[in-house]
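Undergrad: Just dropping this structure here.
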Amino acid sequence: MRSDKPNLIVDLTFEFSIKIIEFTEILDKENKRVVANQLLKSGTSIGANTWEAQNAESKRDFIHKFKIAATEADESEYWVKLCAASSHYPEPKGLQERLTSISKVLSKIIATSKLSNQHISKSSN
């Protein structure tokens, strides 16, 4: 069940989603709609899956939702790097750094949760 307590990854991914929306609006205004749509979908999906994980039905479901968030972060990184590398696209200021932070936290959560899940599985056998 989702709580009202501060949650680093929920906060990071929510704030990132806002930045993605703002950046993709700029892309859209510059007629870069294909990349804007791809980045909007993958970038906001990170936060959506993180949010959903807070109400996971099981530890396995929790891990699965975070793995999806990590995959979406990887895809978002591709689109952000593509924009940064192209002279015809606006600079995605700060998005790469935010993604790096988010990816590190997601990886840590997944690894810790897997380890915790293994301990639970072994103790119930």
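Quick note: the coordinates plus some simple rules give every number you see, no bench work behind them. Bear in mind that the values here come from a model prediction, so they are computed numbers and not experimental data. Neighbour counts are summed over all protein chains in view; Cβ atoms, including those assigned to glycine, are modelled from backbone coordinates with ideal geometry.
Undergrad: Among the numbered conditions (1) surrounded by fewer than 18 Cβ atoms within 10 Å (Cβ to Cβ); (2) free of Cβ contacts under 8 Å to residues at least 60 places away in the same chain; (3) not acidic (Asp, Glu), tell me where ALA73 comes up short.
TA: (1)
Undergrad: Can you pull out every residue in region 67-89 that is within 10 Å of the chain's Cα centre (by Cα) and either hydroxyl-bearing (Ser, Thr, Tyr) or not in a helix (DSSP H, G or I) (or both)?
TA: Listed by number, the residues that qualify are THR71, SER76.
Undergrad: Now a separate question. Which one is surrounded by the most Cβ atoms within 10 Å (Cβ to Cβ), of the residues in region 19-30 that are within 11 Å of LEU95 (Cα to Cα) and of a type in the set (A, V, I, L, M, F, W, C)?
TA: Top of the filtered list is ILE20.
Undergrad: Taking PRO92 as meeting all but one of (1) buried (at least 16 other Cβ atoms within 10 Å of the Cβ); (2) free of Cβ contacts under 8 Å to residues at least 24 places away in the same chain; (3) not in a helix (DSSP H, G or I), write down the number of the exception.
TA: PRO92 satisfies all of (1) buried (at least 16 other Cβ atoms within 10 Å of the Cβ); (2) free of Cβ contacts under 8 Å to residues at least 24 places away in the same chain; (3) not in a helix (DSSP H, G or I) except (2).
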